[in-house]
Amino acid sequence: MFKVKLYQVLLLFTLFCCVVSTSKKVSPNNDKYQIMQRSSILFGLTVISRPDMVSQNCYTQLQEVQKAMLKQQPWAMKMYDSSGFKEPGFILGNGMWLGNRDTCNAVKTAVNLQLSAHIQHKMKPKLLTDTAPFPTDYRVVNLWHNSTWQMDPLYIFYEPRISIGLCLPSACTVAEIGQLMAAYVEDDLFVSNDVYDMRMRVESVKDLKLRSGFYSRPSLIIFIGCWLLTLLLTFLAFWQRTKRTSETVEVVANGTKSTNDHLNSTRKTSIQSFYNRFIVCFDVQKNWELLFPTDPSAASVGTEAFPAVNGLRFYGAMVVVLFHLLCCSYLASSNKAAHYKLTSNVGNFDIFVDLFFTMSGFLQTYHFFRNTKTIKTMRKGGFMKNAKTLFTHILHRLIRLGPLYFISICLADAGWLLMDDISVFHFSHRLYANCEQYWWRSALFIQNFFKHDDLCLFWTWSSACDMQFYIFSTILLFIYVKHPKAGKALTLATVVANLIYTSYIGITMNYKYSFETTVALFTELYMNSLSRVLAYVIGGVAGWFFVQNQQKQLYANFFQNQSLQEYLGCSAIICFITINFAKISEGYSVVFYVAILIVQRVIFSSSVCLLIFANAAGSVKWFFGLLENPLFKKFNQITYAMFLLHPVPMGLLASLNNIGRYSSPYNLAIDYISICTILFFFSTIFSLFFEVPYKNISKMLVQHPKSKTN
């Protein structure tokens, strides 16, 4: 009798355990299951996965994640919490549903906070230490969407995407995640798909790891090779300097005439040796003195008559850095509407970039006509001799500017690939892909002849314009020296061609005064050489006008009239500021906006020239006092390196974050100061090793060694 009762008790206990265990399994019709299925993208992927879609390991681990999430196990809840949901702000442009990468890392590695065991905490005991029973990784899925419920203003090098961060088993490959996500967005599981009519489509999946072959990329190898070669040459220059110093010490110590004569002969031979003179060009100590001279007058060689040009150039460079910071950080902005307003309000960049072209045209013509010896030689020389001189001018410019330009291409190519691979953000403009195909366009300085979407280094279109203007204006100046009337006719024809082109493009493509129109017409109106040449011509004519007064005093009444220069200087300052920040209301015709664009360009470039005239006349001292500050003269030496390098630290600032950044004037100011500090440091290094040495080489090739006489 006792055995029968015990058997019944055991049977009842077994049935009870089965009932309890069954009650813990969540049915697909359960409320929790339905809520998680409709709200969590990660949970939805575990639901939609099938053995025929993914590998067996991936499927098994996804089902394990689903069960653990329903049972609210700590490691699974961390996966749930770290994966992206729909973030607020979708209508105003926020498509970054990135979740939290650090929480996903806590799924595979315990978080050690060194908490005290004697202090009571309300969190679950294994919340920080519980890890998944299999490896996990954080991935980002980028999707197109066709929702009409999100703003889509045109922005330079940006296309709207939805980026979703997911904490998934490492067994699931990138291809399998893409396949699962494609099935998920086509299903009706995701509730936001219905609410916002997104109609999403998978574009790519990122595992945030460097792709294979990165370290064998040609641009990276060339970049490292150039640095190693430059450091070797620098070491040789240092060794040569040390050797000369030791010889000098020996002479002083011996004090003998024979040793002194021997040293003089050795030095003479050394100076005349091309090899030694080449190595000396890489002397860091000498180059540092050239880069940051202690003599204030040495910092403004070539601009002694108008020292404020250095300040104007530096001011322009700082504004360009600010504008490009706004452009580069837009992809990581969580409040894109506010960011777009900041970019639109920073100034009229359709006009502002003419500052550099105007000054370049002015300085080129000014220096050309000051060199009376070369002009006389050209007038007497024939076609072949002048062509050789022209080629020499262009070659020396390439020697001075080329090395830093080409090393910047290599750095940007490798750097942008690195950033795109490891960043959670989507880079619409894949600079490295363009450099693979179109690097030769940048190398030949013709990249602005093609679509801006194909640019290798998108910010170097102005370098291409400047090189083209330099070559064209040099040819024009050579023609002017031999045939003045023909030179003037060609100059006038260039101005007419610019006006016709600008008017035609503006009217046919519906130009309007707005930042969005600037982006839409970037290829045709913003970076096209024919559209920009007017500023260079105005600067060149002003430079010729200035030299004519210096050499022949033909316009003395204009340049020496202090009252007139004071008035024109003040008027130029007003025009310079007003044109940059004035807003033109909507509602006018396209012809009106095009006419205003042309008038603004003419007035702005003319105001820059008038500012240079006023500075040379010593007028408006209250304004030029700041621009003539020695600090600007020093930093002016590294503006070229700043221009070439500045987007790289900006891209790093945006790409190394794991969440979107809130855009505000205060945050922008902090980022701007940080970027400028980093930029000054690296620009100094790159100028010291890749700009100043090649300027020395250019001078060395021009200057023949002179024999010394005692």
> Taking the Cα centre of the chain as origin and charging only Cβ (+1 Lys, Arg; -1 Asp, Glu), how large is the dipole, in debye to the nearest 20?
Replying inline: 1900 debye
>> Contact order normalised by length for segment 291-700, with contacts defined as Cα pairs under 8 Å and 6 or more residues apart; what percent is it?
In response: 35 percent
> To the nearest 0.05, what FRET efficiency results for Ala443 and Phe274 with a Förster distance of 30 Å applied to their C-beta separation?
Replying inline: 0.65
> Going down the list Lys32/Lys78; Lys341/Lys634; Lys512/Lys583; Lys621/Lys695, which pairs span over 22 Å between their C-alpha atoms?
Replying inline: Lys341/Lys634; Lys621/Lys695
> Using a Förster distance of 51 Å, how high is the FRET efficiency between Leu113 and Leu631, based on the Cβ-Cβ distance and rounded to 0.05?
Replying inline: 0.65
> Does segment 76-225 classify as rounded, prolate or oblate by the C-alpha gyration tensor (a ≥ b ≥ c root eigenvalues; a/c under 1.5 gives rounded; else a/b over b/c gives prolate, otherwise oblate)?
Replying inline: oblate
> Normalised by the residues of the chain, what does the relative contact order come to in percent, with Cα pairs under 8 Å and at least six apart?
Replying inline: 17 percent
>> Please report the spacing between the Cα centers of segment 317-356 and segment 465-514 in Å, no decimals.
In response: 28 Å
> Residues with beta-carbon under 13 Å from that of Val495, excluding Val495: net charge, scoring Lys, Arg +1 and Asp, Glu -1?
Replying inline: +3
> For segment 291-700, how big is Rg over Rh, using alpha carbon atoms and the Kirkwood form of Rh?
Replying inline: 0.95
> Given R₀ = 45 Å, FRET efficiency for Gln34-Leu154 by Cβ-Cβ distance, to 0.05?
Replying inline: 0.65
> Counting Lys and Arg as +1 and Asp and Glu as -1, what is the net charge of the other residues whose Cβ lies under 13 Å from the Cβ of Ile538?
Replying inline: +1
> Around Met96, with a cut-off of 11 angstrom between Cβ atoms, what is the net charge of the other residues, counting Lys and Arg +1 and Asp and Glu -1?
Replying inline: +3
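Could you check what % of the DSSP bridge pairs in the chain are antiparallel, to the nearest 5? Working shown, then result.
Numbers: 14 of 17 bridges.
So the antiparallel bridges amount to about 80 percent of the total.
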>> Output needed: percent of Cα pairs per 10 Å distance bin for the chain, bins running from 0 to the one holding the longest distance.
In response: 2, 11, 19, 20, 16, 12, 9, 5, 3, 1, 1, 0, 0, 0
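Each value in this text was obtained by applying a stated rule to the coordinates, not by laboratory testing. Just so you know, these numbers come straight off a predicted model, no measurement behind them. In this analysis, Cβ positions are derived from the backbone assuming ideal geometry, glycine residues included, and neighbour counts consider all displayed protein chains.
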